[in-house]
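The values are calculated or read from the model by the stated rules, or taken from the named source; none is laboratory data. This is a predicted model, so every value here is computed, not measured. Counting neighbours? That spans all protein chains shown, and the Cβs are built from the backbone with ideal geometry, glycine included.
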Amino acid sequence: MSEIVGLVGMSHSPFATLLPPREPTWPGGRFLADAARVAEAVARLAPDAVVVIGPDHFHANFYDVMPPFVLGVEEAVGFGDFGSRSGPLPVATQLAWSIRDMLADAGFDLSLSYSLTVDHGVVQSYEMVSGGAEIPLVPMVVNTAAPPLPGLSRCVQLGAALGSVIRASAFAGRVLIVASGGLSHWLPSNDPRDPSVDGARREAVIHGRADTRAFAAAREPLVRAMGGDPNARVNADWDRWFLERLGAPDLTPVSALSDEDIEEHAGRGGHEIRTWLIGLAAVARPFVWTSYEPVPEWITGMGIGTTFHVD
């Protein structure tokens, strides 16, 4: 049987690597310093495996087939977008298969990948939390990019089942859960039904799998152009509200939000909080430590929460 040693919820942004602060007091400096503190605390916890729950940004999943949840069981390969790590990642295969099989028995039919491509939405938080250590991981990708999105309540249900199956797994080790995503950030629509998503962009979100590198090469300059703006929209009040709610045992105030509520107060990028709900429900205990820095230059509210104390 496995022991779940805790959860780290962590925002990610491509600009954390593309526009790192030159001084500790510059935008993003507090977030990176606190992320380093979390990595030190994780090293003391000494996990044998990490379950990383994160989104995909149209580097692996497209609208030819858009699964709500995908579990990697054998290989995980970093796409290398925005300067993130590329190439193979170590996978905790025994734990991954235990999770897949027992979740199926519990009524959750996750899509399965023997070779899962993961982008900065998984890789960045994994590397920050692990501090560069090669801890075997189990990657779970959640569709947060555009409708049809998995419901928030369904994410909580999946998280509760995930926690149960990890604890009952034949994998005899210490397991850390990492939830990567959010917080507030405003992004263009990716919904093929949206009239603003037309022409080449609509073609790419549907058929981009045919040439993922070409799609990424066309998209990255558009994303990079969004960085560095000190006036970019971030809703620090909502982000702090969210972190406070996850410091309580009851997830209902968050899981009761509608998609329209999230987009109004946290932008389309705010849908990534689904990963945090899955992680909290799996661990079944609230955050005891949080950190937050609004970083408009990174177009994101950069939050961290842990269910264990950080020195």
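Considering only residues of the range 1-40 that are charged (D, E, K, R) and assigned to a helix (DSSP H, G or I), which is nearest to Ala225 (Cα to Cα)? By that ranking, first place goes to Arg30. Within the range 150-194, the set of residues being in contact with a Ser or Thr (Cβ under 9 Å, 6 or more places away or on another chain), farther than 26 Å from Ser13 by Cα and not hydroxyl-bearing (Ser, Thr, Tyr) comprises Val165, Ile166, Arg167, Ala168, Ala170, Phe171, Ala172, Gly173, Arg174.
Considering only residues in the range 91-103 that are among the β-branched types (Val, Ile, Thr) and not in a strand (DSSP E or B), the one that is farthest from Gly159 (Cα to Cα) turns out to be Thr93.
Note on the range 104-138: residues that are assigned to a helix (DSSP H, G or I) and farther than 26 Å from Thr306 by Cα amount to 2.
Taking the criterion of being among the charged types (D, E, K, R), crowded, with 18+ Cβ neighbours inside 10 Å and assigned to a strand (DSSP E or B), no residue of the range 74-90 qualifies. If you check Leu187 against the conditions, is it under 21 Å from Val142 (Cβ atoms) and buried (at least 20 other Cβ atoms within 10 Å of the Cβ)? Judged against the criteria, Leu187 is not a match. Can you run down the residue pairs with Cβ atoms below 6 Å, 6 or more apart or on separate chains, where the first is in the range 59-72 and under 14 Å from Pro147 (Cβ atoms) and the partner is assigned to a strand (DSSP E or B)? The qualifying pairs are Pro67/Ser111.
Against the criterion of being touching a strand residue (DSSP E or B) at 6+ places or on another chain (Cβ under 8 Å), of a type outside the set (Lys, Arg), in a helix (DSSP H, G or I) and crowded, with 24+ Cβ neighbours inside 10 Å, Val141 does not qualify. Filtered by the rule that a residue be modelled with pLDDT under 95 and either surrounded by fewer than 20 Cβ atoms within 10 Å (Cβ to Cβ) or among the β-branched types (Val, Ile, Thr) (or both), the range 144-158 gives Pro147, Pro148. For the range 107-127, filtered to residues that are hydrophobic (A, V, I, L, M, F, W, C) and under 11 Å from Pro139 (Cβ atoms), the residue that is surrounded by the fewest Cβ atoms within 10 Å (Cβ to Cβ) is Leu116. Among the residues of the range 153-210, those that are over 20 Å from Glu272 (Cβ atoms), of a type in the set (Val, Ile, Thr) and over 18 Å from the mean Cα position of the chain (by Cα) comprise Val165, Ile166, Ile206.
Restricting the search to helices (runs of 4 or more DSSP H) fully inside the range 201-297 and requiring at least 3 residues that are surrounded by 14 or more Cβ atoms within 10 Å (Cβ to Cβ) and among the hydrophobic types (A, V, I, L, M, F, W, C) gives 212-224, 236-245, 273-283.
The residues on offer are Pro20, Pro47, Pro55, and the sole one that is in contact (Cβ under 8 Å) with a residue 24 or more places away in the chain and within 27 Å of His271 (Cβ to Cβ) is Pro55.
Checked against (1) of a type in the set (A, V, I, L, M, F, W, C); (2) under 30 Å from Pro188 (Cα atoms); (3) not in a strand (DSSP E or B), Ala170 passes all but a single condition, namely (2).
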